[in-house]
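What follows is a set of notes on a single structure, which appears directly below.
Each reported figure results from applying straightforward, stated rules to the coordinates on display, with no laboratory input. It should be emphasised that the depicted structure is a prediction, and the values quoted were computed from it without experimental measurement. Here the Cβ positions follow ideal geometry from the backbone for every residue, glycine too, while neighbour counts run over all protein chains shown.
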Amino acid sequence: MQVHTFKPDLPPPLLSVGVLGWLRANLFSSWFNTLLTLFAAYLVWLIVPPLLQWAFLDADWVGTTRADCTGDGACWVFVQQRFSQFMYGFYPTELRWRVDLTLWLAVIGAAPLFIPQMPRKAVYGLGFLVVYPLLAYWLLHGGFFGLSTVSTSQWGGLMLTLVIASVGIAGALPLGIVLALGRRSDMPAIRVICVTFIEFWRGVPLITVLFMSSVMLPLFLPEGLSFDKLMRALIGVILFQSAYIAEVVRGGLQAIPKGQYEAAAAMGLGYWRMMGLVILPQALKLVIPGIVNTFIALFKDTSLVIIIGLFDVLNSIKQATTDPAWLGMATEGYVFAALLFWIFCFGMSRYSMHLERKLDTGHKR
Amino acid sequence: MQTTANTSRPRASVWTDPKVRAWLFQILAVIVVVALGWYLFDNTQTNLEKRGIISGFAFLNNSAGFGIAQHLIDYSESDTYGRVFVIGLLNTLLVSVIGIVGATILGFILGVARLSPNWLIGKLATVYIETFRNIPPLLQIFFWYFAVMLSLPGPRQSLEIGQAFFLNSRGLYMPAPSPTEAFVTFVGALVVAIIGAVLVARWSKKRFEATGKLFPVSLGAVPLLLGLPGLAVLLTGNPLQWSTPELTGFNFRGGWVMIPELIALTLALTIYTAAFIAENVRSGILAVSHGQTEAARSLGLPAGKTLRLVIIPQALRVIIPPLTSQYLNLAKNSSLAAGIGYPDMVSLFAGTVLNQTGQAIEVIAITMSVYLAISISISMLMNWYNKRIALIER
């Protein structure tokens, strides 16, 4: 009997596996794709080598003055020399430990909230939200319990940016939730008030809001009552941002099936209990990524306070570039600012995407 | 038998009746809002009186007395604040329109590029989007203005592009067209050609629906659109005269100039908004299920028609609403012009005019209502378009 023996398999064609195969599938699959690849490669070649040359190879890293920048590339000495000003603004040098301590307290205090197994997270979180702002105000502003006063006109740099962004979101969140509930209310008068408020703030740019809070707020308030510049900016930011938060929260409220409302009503819960115990916990969980995205937008928008003369990180850098001792450093300064903002915003957007995946449960049909 | 049970429901207190409560609550809310409004109004009145500011819009007729770097309509220093307002409004609209057109084109290209099967193109688009949407627009404007535009060489060493475009620290100089006598005939020919092309397209669609026979529209339209205006140019001469900018002394004369503020502002807003539009476009295209492509291909539609007749109409439905809010954002972000002193609505009117006149309430109210009006008109326009292309569901 004849025995059939299989011959060993031939290896796959060299052009369809490994690096060559990948190249062929992803870069050179057709003449058009090849053309695109060549075009893109040309673009990369046009941008990346000069950029690397400027930012790293030709750059000056060590030194103390403008004269130390001899190369053709970037002069990072400038950023090094002005770094503390970019971070703290005009905050007195010997008191800067207070800013650092505030930041560390925030990091240490908030850390347990990110541990999934932590028991009684909600209680701890609420406690933190109540205690921390008071502590932060005491540390940053001082004036009582043995700390000397540092007026807000001396605040600046990244620290001011973070203060505006975090106070803005902390103030806008509760207001936004109330507005969203009002907009979904059955009572026509409440609905009209909330819709008008939301649409008004969403329709105007933040700059005009800041202008308004800086020139019109003093007119609105009775004689003798006045806020400092930072407080006025914060009021504007909170009102503006609460309208955006309200729309995000409304999205969450609308995503909750009607059965949840009906079930809560059938259990005999009144409006506030229904919202507080059944609807809002579910709705807010749904919109956490949206809130983080709003926070990213707010963080970018804080740069606008430059218009009303506050020294946030962007304004500190802008002022430093006009220093006669460091002329021609605009590119370095703005690239550094861009890097700073980018790290924060990109980090937060990654975190929001992570949350979106983690919280993606329920209500999916 | 007698029932002792009380058949009537126990009378609840009026206060627990939801309807009564709703009424009370609303009345209370309205009272609070009105009282707050009156309180602010009253404070404002007293404060204005104390500072001796006369409210009203009469200041709009006063002479402004300052120069403006860019005005689309004639302006001199003796003109009124009212005219300054119009100039600011036009400048804002100019930035918004240029920005919207540029960001839409760039955004669609990037959105499609990010989905490209070509790995390098996809990655490049991703890097672009992730970089530029995470940097504040004001910072980008500052970068283009202070770091790029202002460090360009002066007029004498300007960068030349084809002997007609000159880029220097005072802006971009370009040739300006002005119509000649032949312009009227040229436009006439063009209008006739467009009408003809539309008629051809209509006729071809009608025939296709009646008989199923295709008539390529371009076969009739292209010769019409190129031929008639071309004939007009041949017969009557060049319809447009181009005046190129020339270096005389220390500056350029003639032609059009885009001031550096305008260039920096439009560049930054276009680049920033395009990154967001690209993401909208990408999610819109991804929202069209792959089955649609497969179905279209199995019906025998070629790739181009699949895209044009099946994918894009469905993707647009998803893209339009977020695109609207991007346009709104761009129009509102154009107010960042105040940061670099481009004479837009905010920096010109809410800045200079407010400082000169001290009419804070009127000026801010006008500025805010203009932005509200722009926002509302853009969203109404886009809602109308959205309704037109929306899927009609049963």
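Here are the numbers:
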{"item": "As computed over the protein assembly as shown, the Cα convex hull volume per residue (Å³)", "result": "368 Å³"}
{"item": "Filtered GluC sites (Glu not before Pro), the stretch B:114-191: DSSP coil and at most 10 other beta carbons within 10 Å", "result": "B:Glu181"}
{"item": "Potential extension, A:Phe200-A:Lys358 segment - 0.36 nm per residue separation minus Cα distance", "result": "53.4 nm"}
{"item": "Ellipticity estimate at 222 nm from DSSP helix runs (n ≥ 4, -39,500 (n - 2.57)) divided over chain A, nearest 500", "result": "-21500 deg cm²/dmol"}
{"item": "Geometric extent, Cα atoms of the stretch B:208-264 - Rg, Dmax (angstrom)", "result": "22.1, 69"}
{"item": "Translational D in µm²/s for the stretch A:301-365 (Stokes-Einstein at 20 °C, 1.002 mPa s, Kirkwood Rh from C-alpha pairs)", "result": "149 µm²/s"}
{"item": "Cysteines without a disulfide-compatible neighbour (Cβ-Cβ under 4.7 Å), the protein assembly as shown", "result": "A:Cys194, A:Cys345"}
{"item": "The stretch A:219-251 versus the stretch B:327-394: alpha-carbon centroid distance in Å", "result": "20 Å"}
{"item": "Filtered chymotrypsin sites (Phe, Trp or Tyr not before Pro), the stretch A:1-68: DSSP coil and at most 11 other beta carbons within 10 Å", "result": "A:Phe6"}
{"item": "For chain A: lysine pairs under 22 Å (alpha-carbon distance), excluding those fewer than 8 apart on one chain", "result": "9"}
{"item": "Per DSSP, loop chymotrypsin sites (Phe, Trp or Tyr not before Pro) in the stretch A:71-174 with at most 12 further Cβ within 10 Å", "result": "A:Phe144, A:Phe145"}
{"item": "Kirkwood Rh in Å, taken over all unlike Cα pairs in the stretch B:84-231", "result": "20.9 Å"}
{"item": "DSSP H segments from chain A that extend 20 Å or more along their own axis, Cα-based, with Kyte-Doolittle mean of -1.0 or above", "result": "A:31-52, A:96-110, A:121-141, A:157-183, A:188-203, A:229-255, A:280-301, A:330-358"}
{"item": "Cross-link reach list, aspartates and glutamates versus B:Lys332, counting only Cα pairs under 19 Å and skipping chain neighbours closer than eight places", "result": "A:Glu199, A:Glu247, A:Asp301, B:Glu261, B:Asp344"}
{"item": "Distance from the stretch A:186-200 to the stretch A:135-164 (C-alpha centre basis), Å", "result": "37 Å"}
{"item": "Net charge of Cβ neighbours under 12 Å - reference B:Arg133; Lys, Arg +1; Asp, Glu -1", "result": "-1"}
{"item": "Highest-fluctuation residue, A:Val17, A:Val44, A:Val292 considered, GNM on chain A with Cα pairs under 10 Å", "result": "A:Val17"}
{"item": "Among B:Ser63, B:Ser158, B:Val95 the positive-end extreme of the charge dipole of the protein assembly as shown (Cβ point charges)", "result": "B:Val95"}
{"item": "Convex hull per residue volume in Å³, alpha carbons only, for the stretch B:282-352", "result": "101 Å³"}
{"item": "Label point distance in nm, A:Val48-B:Leu48, each placed 7 Å from Cα along Cα→Cβ", "result": "6.2 nm"}
{"item": "Paired Rg and Dmax values of the stretch B:176-240, which use every Cα atom, in angstrom", "result": "15.1, 49"}
{"item": "Calculated FRET value between B:Leu190 and B:Trp384, using beta carbons and R₀ = 22 Å, to 0.05", "result": "0.20"}
{"item": "Over 11 Å [Cα-Cα, the stretch B:86-130], rounded percent", "result": "67 percent"}
{"item": "Pairwise FRET efficiency - B:Met258 versus B:Ala303, Cβ, R0 = 30 Å, nearest 0.05", "result": "0.15"}
{"item": "For chain A, average projected area of the Cα convex hull in nm²", "result": "34.3 nm²"}
{"item": "GNM top mover of A:Ile164, A:Ile343, A:Ile108 - chain A, alpha-carbon springs below 10 Å", "result": "A:Ile108"}
{"item": "Spin-label pair B:Glu160/A:Ile288, simplified geometry with 7 Å Cα→Cβ offset, distance in nm", "result": "6.3 nm"}
{"item": "All-pairs Cα distance distribution in the stretch B:241-376, expressed in whole percent, bin size 10 Å", "result": "10, 23, 22, 20, 15, 8, 2"}
{"item": "Of B:Val30, B:Val148, B:Val288, the one that fluctuates the most in a GNM where chain B has Cα springs shorter than 10 Å", "result": "B:Val30"}
{"item": "Reach of B:Lys205 by Cα under 18 Å, taken over lysines that are not fewer than 8 positions away in the same chain", "result": "B:Lys213, B:Lys305"}
{"item": "Convex hull volume per residue in cubic angstrom - Cα atoms of chain B", "result": "313 Å³"}
